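These notes are about the structure you will find just below.
The values are calculated or read from the model by the stated rules, or taken from the named source; none is laboratory data. Just so we're clear, the structure is a prediction, and the values are computed from it rather than from any experiment. So basically every Cβ, Gly included, is an ideal-geometry build from the backbone, and we count neighbours across all protein chains shown.
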Amino acid sequence: MKCPRTAMVLAAGLGTRMAPLTLTTPKPLIKAAGKPLIDWTLDALRAADVRRAIVNVHHLAGQLEDHLAELKSPAIIVSDERGELLESAGGIIKALPQLGADAFYVLNADTFWIDGSRPNLVLLAEGWDDARMDILLMIADKSQATGYDGRGDFHIAPEGKLRRLEAGETSPFIYAGAAIIHPRIFAGAKAGRASLNRYFDEAIAADRLYGVPMDGLWLTVGTPGAIGEAEAAIAAHKVHG
């Protein structure tokens, strides 16, 4: 497929694990290597020639709106969730009229990456197969990640099909905060709070959840202490190329 031209950027979370920084600053505006986290996300969208991004806002929404208003590209549509935090899928469902009928990118505004030889969102689009997939996730290996100490998220089969970990299992594979999703999975969905994990599980049950390994370095800054680790990785990448 051609790269989607529309993206949903999930930026409405409270960022509680990032406190006390998020008491006064929305998490997407916290800086890593001198750049707000959401700007890393929007840079990735520009590298894939995404023309339009719907960004949901809730916590300290005014600060985020002011920042987004200064940006030229991609075109930003703000989805206002001040009244109720809708979680990941709920925010997408609210924004469906702006997202259109075709598959679109979904990106978390608090994780980012350094691309390898080609933009990872382009690699993700090249992996999309509409006949087989409803959701395609970008997958990082723990060896290419900073700021992560969990047990992994999925097992990935040779053809890319994903399954959840069973109790007691571990995996080196992490959901890297970027996906392509077809809006058909939300047909008939009601407005309100909902998690994307429900839709991941439904896609697994239908054999339609797949993953593509990313190329490069995946960085997450879930806590204040993780910022320094991410910045060190960025600096090392600049030195070593």
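Might you check whether a residue that is more than 19 Å from TRP218 (Cα to Cα), touching a Lys or Arg at 6+ places or on another chain (Cβ under 7 Å) and at pLDDT below 95 occurs anywhere in region 62-73?
Yes, there is a match, as at least one residue in region 62-73 is more than 19 Å from TRP218 (Cα to Cα), touching a Lys or Arg at 6+ places or on another chain (Cβ under 7 Å) and at pLDDT below 95.
Since GLY90 meets every condition but one in (1) farther than 30 Å from ALA232 by Cβ; (2) touching a helix residue (DSSP H, G or I) at 6+ places or on another chain (Cβ under 7 Å), which condition does it not meet?
(2)
Going residue by residue through region 56-72, is there one that turns out to be part of a loop (DSSP other than H, G, I, E, B) and free of Cβ contacts under 8 Å to residues at least 12 places away in the same chain?
Yes, that holds for at least one residue.
Could you run through region 160-181 and say how many residues are surrounded by fewer than 19 Cβ atoms within 10 Å (Cβ to Cβ) and in contact (Cβ under 8 Å) with a residue 40 or more places away in the chain?
Total meeting the criteria: 4.
So which residues in region 99-146 are surrounded by fewer than 21 Cβ atoms within 10 Å (Cβ to Cβ) and among the hydroxyl-bearing types (Ser, Thr, Tyr)?
SER117, SER143, THR146
Within region 182-230, which residues are crowded, with 16+ Cβ neighbours inside 10 Å, at pLDDT 95 or above and hydroxyl-bearing (Ser, Thr, Tyr)?
Correct list: TYR199, TYR210.
Just give me the residues in region 74-96 being within 22 Å of ALA125 (Cα to Cα) and either without any contact (Cβ under 8 Å) to a residue 24 or more places away in the chain or not in a helix (DSSP H, G or I) (or both), in sequence order.
PRO74, ALA75, ILE76
Just checking: which of the strands (runs of 3 or more DSSP E) contained wholly in region 147-187 hold 2 or more residues that are more than 18 Å from the chain's Cα centre (by Cα)?
Those strands (runs of 3 or more DSSP E) span 154-156, 162-164.
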